[in-house]
1. With LYS60, LYS30, LYS10 as the choices, which residue is out of contact with any Ser or Thr (no Cβ under 9 Å at 6 or more places or on another chain) and not in a strand (DSSP E or B)?
2. Return the residues of the range 33-47 that are in a strand (DSSP E or B) and closer than 14 Å to ALA14 by Cα; say none if nothing qualifies.
3. Return the residue satisfying two criteria in turn: it lies in the range 5-41 and is of a type in the set (S, T, N, Q) and closer than 10 Å to GLY57 by Cα, and of such residues it is surrounded by the fewest Cβ atoms within 10 Å (Cβ to Cβ).
4. Identify all residues within the range 5-60 that are touching a residue at least 40 places away in the same chain (Cβ under 8 Å) and of a type in the set (A, V, I, L, M, F, W, C); write none if there are none.
Amino acid sequence: MNGQTRSTIKPGSAVLIVLKQDQRTGKLTKGIVKDILTSSPNHPHGIKVRLMDGQVGRVKEILNLEE
């Protein structure tokens, strides 16, 4: 699932995000959502979240917990 719709992302979700410094390379970082920072229901570049470890980035993919 892509990360452009806020309602599909919940705290505790496993996601792949792109950090601000990795936007040029597209390098993805895996983590668990702590807070959702984007207030609008949709965002074309992905919903901005804070991970449990404090990193902030835009969600590119929502992972299933089985992965």
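1. Working: LYS60 fails: not in a strand (DSSP E or B); LYS30 fails: not in a strand (DSSP E or B).
LYS10 is the lone residue from the list that is out of contact with any Ser or Thr (no Cβ under 9 Å at 6 or more places or on another chain) and not in a strand (DSSP E or B).
2. Passing the criteria: VAL33, LYS34, ASP35, ILE36.
3. Only one residue fits best here, namely GLN21.
4. Within the range 5-60, ILE9, ALA14, VAL15, LEU16, ILE17, VAL18, ILE47, VAL49, VAL59 qualify.
Only the coordinates and a few stated rules stand behind these numbers; no lab work does. In this text, all values refer to a predicted model and were calculated from it rather than measured experimentally. Glycine gets a Cβ as well: all are built from the backbone with ideal geometry, and neighbour counts include every protein chain shown.
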